[in-house]
1. Determine, yes or no, whether VAL107 is modelled with pLDDT of 95 or more, crowded, with 16+ Cβ neighbours inside 10 Å and assigned to a strand (DSSP E or B).
2. When you scan the stretch 97-113, how many residues do you find that are out of contact with any helix residue (DSSP H, G or I) (no Cβ under 9 Å at 6 or more places or on another chain) and closer than 20 Å to VAL129 by Cβ?
3. Mind telling me which of the residues ASP114, ASP121 ends up being in contact with an Asp or Glu (Cβ under 7 Å, 6 or more places away or on another chain) and either without any contact (Cβ under 8 Å) to a residue 40 or more places away in the chain or of a type in the set (D, E, K, R) (or both)?
4. Conditions first: (1) out of contact with any helix residue (DSSP H, G or I) (no Cβ under 7 Å at 6 or more places or on another chain); (2) open to solvent by 30 Å² or more (accessible area, probe 1.4 Å). GLY94 passes all but one, so which condition is the exception?
5. When the residues of the stretch 52-102 are narrowed to those that are touching a residue at least 60 places away in the same chain (Cβ under 8 Å) and of a type in the set (A, V, I, L, M), which ends up nearest to ALA152 (Cα to Cα)?
6. Give the residue that is modelled with the lowest pLDDT, with candidates limited to residues of the stretch 55-67 that are open to solvent by 10 Å² or more (accessible area, probe 1.4 Å) and either among the hydrophobic types (A, V, I, L, M, F, W, C) or not in a strand (DSSP E or B) (or both).
Amino acid sequence: MAPHDFFHHCPRCGARQPAPPAGGVFDCAACGFRLFFNAACAAVVFVHDGAGRWLFIRRAKDPARGRLAPPGGFIDIGERAEDALHREIREEVGLELADVRFLTSEVNRYLYRDVTYPVLDLCFTARAVQPERAAALDDVEAIAWLPAGEVAEDELAFPSMRAAWRRLRAAGVA
């Protein structure tokens, strides 16, 4: 179920709506209130150690528990993507990054507690400053440093991550 599927009443005036929102916009028939349903944003980073290995986490929680993913997470309201990226990396694997570069954006659908959230994943690449300090921390079951050739694309948690990994490989970076 998408977030807009939950809106049967106007959040401003409480009027029951004659039909569910369509096209990502809620328009109240009674008071004219308008609410846009936009994608959530996440920042993820493909981190390398400078020696040909790439850092992946094994997700500790659903969705996609146990699957591989680059570290990252949702961008908080009022937070820049780059700041979220550094925060998430410190929280999940305890690393500092250098040479951060934007790679691509990919559309994702994130199922959490029976709600499917539309997400725009902002994907970056970076080099770990001290790769030996990487550790499985918040929401991370384990970490793995893998040569690009050993990354099984079908092991990656979400289609958006698989698409970004393919772009990274096609660019000759990994």
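1. On the way: modelled with pLDDT of 95 or more: yes; crowded, with 16+ Cβ neighbours inside 10 Å: no; assigned to a strand (DSSP E or B): yes.
Answer is no for this residue.
2. Of the residues in that region, 3 qualify.
3. Working: ASP114 fails: in contact with an Asp or Glu (Cβ under 7 Å, 6 or more places away or on another chain).
None of the others qualify; the one that does is ASP121.
4. Status for GLY94: all satisfied but (1).
5. Applying the filter and picking the extreme gives LEU68.
6. First, the residues of the stretch 55-67 that are open to solvent by 10 Å² or more (accessible area, probe 1.4 Å): 58-67.
Now restrict to residues that are either among the hydrophobic types (A, V, I, L, M, F, W, C) or not in a strand (DSSP E or B) (or both): 60-67.
Numbers: ALA60: 96, LYS61: 93, ASP62: 90, PRO63: 93, ALA64: 94, ARG65: 94, GLY66: 95, ARG67: 97.
Only one residue tops the list, namely ASP62.
The values are calculated or read from the model by the stated rules, or taken from the named source; none is laboratory data. This one's a predicted model, so the numbers in the text were calculated from it and none came from an experiment. Cβ: placed from backbone, ideal geometry, glycine included. Neighbour counts: every protein chain shown. All accessible areas refer to the heavy atoms of the entire protein, side chains included, with ligands and DNA or RNA removed. Shrake-Rupley method; radii C 1.70, N 1.55, O 1.52, S 1.80 Å.
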